[in-house]
Structure formats: structure tokens, C-alpha cells
Amino acid sequence: MRYFIFIAPLILSGCLSLGTVLPEAAPDVLKAEAETQTAAAFEKYVTLNDRLQRVGRRILISNESLCDRHMLYIGAQTATLKTFPKPLRDYAKSQGFDETPRVLYTGRDDIARADHIENADGEPITIYDKDYYGDIYIDGKQVKTRALTACQYPLKLTYSPAVNAYATGRTIRVTTGMMEFADDDELAIIIGHELAHNTEGHIVKIVTSRIAGLGTGRFSRQYESEADYVGLYYAARARFDISKAPGIWRRIGLMSVRSMGEGKSHPTTPERYVRLAAGIEEIERKREAGVPLLPQRKAKAK
């Protein structure tokens, strides 16, 4: 028995070993490929974030009168090293980013990526992530703000293959997987949906229902339907093609056949499709009648 205890690992190691001779991975070649992939991942992150901010800014600006939180948007977004996924931070540092806020996205010719933005006292400031109303300086030179009022629900990109987006109550997060899944109009519809979760207070309501022990299933389904409906208006007000709304949700639904049956936290995809189609008809009727594009609200009890 004693001998078996010593011999068994040797036998098992032989059974578990490879049966082929793998090609060598030369350290210098491996390092070069790792650097190539890191640079490509960084470029992908930056490119998709640029698109997210470009599409999202139209939603946030066009609907500022319907939001309860506001900020001045000057056409740029700042980031620190912590903004980037950990595997990309060393490379981001080589591209000029550090622990102080620097420009990640810019829609302006007079502000460049990695610019260090300061206030009049030379202190670094964060723009787009929070409201800032003072003068802006780059390398000691004042930059005209030309600011617009926008909904204060900044858009954040998450590096993940999952086709997903979600609201936190204060921000809107979209995955790289969703960015690659949706075109600009579809992305605007998704952003409008998540913005609606924030403006309608759904996050707080869900937490409240949990604390009260009421469960979240039925409420969550209702909130999702309301976010679909209000989000349509947000995308329409920003002049995106909302006719694509039923289709994008159908495509998302086809990723899981469970969504076609009884939904636990979301409405079924057939219900979602039909309600969205009806919402589009409602918006088109208002456009033809020349009335403001505002969601239908329940009459407040007197």
C-alpha cells in the first residue's frame, strides 16, 4: 500500500501528459505578439468609446429638459488610468494617460486626446463625469467652453463580450459586445432605454421593493416595459431611426429562447416587440400632428 501511494502519482502524471510535441513559443516572439494584441485591444476600446460618446451625447443633450440631473457638456470626456481595464493600463500610460484626468473622447478640434485639462488655478478637473461650470485651460491656455446642457448620466464603456447595457441610477454602462452588436440607431435605442431607467427612478424603486419584501419580478417587468416606451421617445427626440427598435430587441431575444416564454425580470420578447411597434405608431402620429414628442403620463391624483 505504501508503495502504491508513491507510484500512483507517477502513473497518473503519465496518463495526463501530452501526447504531442508542441511548437516552441520563443520569448521575444511571444512578447511582441502580446504587445500587438494589447495595442489592438486599446485601439478597440478607444474607438468604441468614441462611438458610444458620439451617439450618447445626442441622447443626453436632446432630452435634457426631461432629466432631473444636469451637467454642462463641452464636447469632451476625461479619464484616468483607472478608467481603463487593468490589462490596458500600462499601454494607456504609454499613450499619455496617468492618474490625473486627461481627455479620452473629444468631439472638438481644439481639444486632443490625452490633453490635461485644468481650471483657472491650475488644478486638474474632470469633465463630463460631473458638472463643471468654470473656465477650462489646456497647458495654461484657456479654451472656450461652448457648453451645452445635458442629462447628467455619463456613459461608461465596459470591456466585455457580453451583449449588455445597464443603468446604475447615476450612469449608463454599455459593453463592447453591445457596441459591436448594434448600429448607431440601435445603440441610441439601447441608450435611451437605459436613460429611461435612470430618469424614471427604476433603480431606487427596485431596491425599495426588495427592502419591503415585495419581490422584484413583476415590478422589474413593468419597469423594463416603461424603459422601452420612454426610451423610444428619447431616441426619437434625438432624431434616430426608432423603426429599428423592435428588431434590435428581437435579435437580443433570439440569443436566448427562454426570453420568448415567461419572463422573470423582463417582459417576453414577443410582448416587447408588440409594445415597441405600438409605441412607434404613437410617436409617428404625434409627429404628423406636430405635437411635442412626450411620453403619455398618467393623470396625477388631485
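The values are calculated or read from the model by the stated rules, or taken from the named source; none is laboratory data. Computed from a predicted model, the values in this text were never measured in an experiment. Here the Cβ is made from the backbone with ideal geometry for all residues, glycine too, and neighbour counts use every protein chain on show. The protein model used for the area step is the full one, side chains on, heavy atoms only, and it has no ligands, DNA or RNA in it. Shrake-Rupley method; radii C 1.70, N 1.55, O 1.52, S 1.80 Å.
For the stretch 144-161, how many residues are under 12 Å from residue 76 (Cα atoms) and either open to solvent by 20 Å² or more (accessible area, probe 1.4 Å) or without any contact (Cβ under 8 Å) to a residue 60 or more places away in the chain (or both)? Selection size over the stretch 144-161: 4. The one condition from (1) assigned to a helix (DSSP H, G or I); (2) hydroxyl-bearing (Ser, Thr, Tyr); (3) at pLDDT below 95; (4) within 30 Å of residue 169 (Cα to Cα) that residue 78 does not meet is (1). Listed by position, the strands (runs of 3 or more DSSP E) enclosed by the stretch 89-179 that each have at least 2 residues that are hydrophobic (A, V, I, L, M, F, W, C), more than 25 Å from residue 191 (Cα to Cα) and in contact with a strand residue (DSSP E or B) (Cβ under 7 Å, 6 or more places away or on another chain) are 136-138.
No other residue among 99, 118 is open to solvent by 20 Å² or more (accessible area, probe 1.4 Å), over 21 Å from residue 37 (Cα atoms), at pLDDT 90 or above and of a type outside the set (S, T, N, Q) apart from 99.
Checked against the criterion of being over 30 Å from residue 231 (Cα atoms) and among the aliphatic types (A, V, I, L, M), the candidates 127, 117 yield just one match: 117.
Pairs are defined by a Cβ separation below 9 Å, a sequence spacing of at least 6 or placement on different chains, a first member in the stretch 42-58 that is in contact (Cβ under 8 Å) with a residue 40 or more places away in the chain and closer than 16 Å to residue 234 by Cα, and a second member that is assigned to a helix (DSSP H, G or I) and open to solvent by 10 Å² or more (accessible area, probe 1.4 Å); the pairs so defined are 54/184; 55/184; 55/185.
Confirm whether residue 195 is outside any helix (DSSP H, G or I), closer than 20 Å to residue 56 by Cβ and either at pLDDT 90 or above or open to solvent by less than 30 Å² (accessible area, probe 1.4 Å) (or both). Judged against the criteria, residue 195 is not a match. Being under 27 Å from residue 124 (Cα atoms) and surrounded by 15 or more Cβ atoms within 10 Å (Cβ to Cβ) is a condition met by no residue of the stretch 27-38. Hey, residue 84 hits all of (1) over 29 Å from residue 186 (Cα atoms); (2) open to solvent by less than 10 Å² (accessible area, probe 1.4 Å) but one; which does it fall short on? Going through the list (1) over 29 Å from residue 186 (Cα atoms); (2) open to solvent by less than 10 Å² (accessible area, probe 1.4 Å), residue 84 breaks only (1). Criterion applied to 86, 130, 93 was being modelled with pLDDT of 95 or more, more than 22 Å from residue 51 (Cβ to Cβ) and under 20 Å from the mean Cα position of the chain (by Cα), and the one residue passing it is 86.
Does residue 31 satisfy the condition of being more than 26 Å from residue 178 (Cα to Cα), in contact with a Leu (Cβ under 9 Å, 6 or more places away or on another chain) and in a helix (DSSP H, G or I)? The answer is no for residue 31. Residues that are surrounded by fewer than 14 Cβ atoms within 10 Å (Cβ to Cβ), under 20 Å from residue 73 (Cα atoms) and either of a type in the set (Gly, Ala, Ser) or in contact with a Leu (Cβ under 7 Å, 6 or more places away or on another chain) (or both) do not occur anywhere in the stretch 173-190.
For the stretch 41-60, the count of residues that are open to solvent by 60 Å² or more (accessible area, probe 1.4 Å), in contact with a Lys or Arg (Cβ under 8 Å, 6 or more places away or on another chain) and either not in a helix (DSSP H, G or I) or not aliphatic (A, V, I, L, M) (or both) is nonzero. Exactly one residue out of 277, 236 is under 17 Å from residue 63 (Cβ atoms) and either among the hydroxyl-bearing types (Ser, Thr, Tyr) or at pLDDT 90 or above (or both): that is 236.
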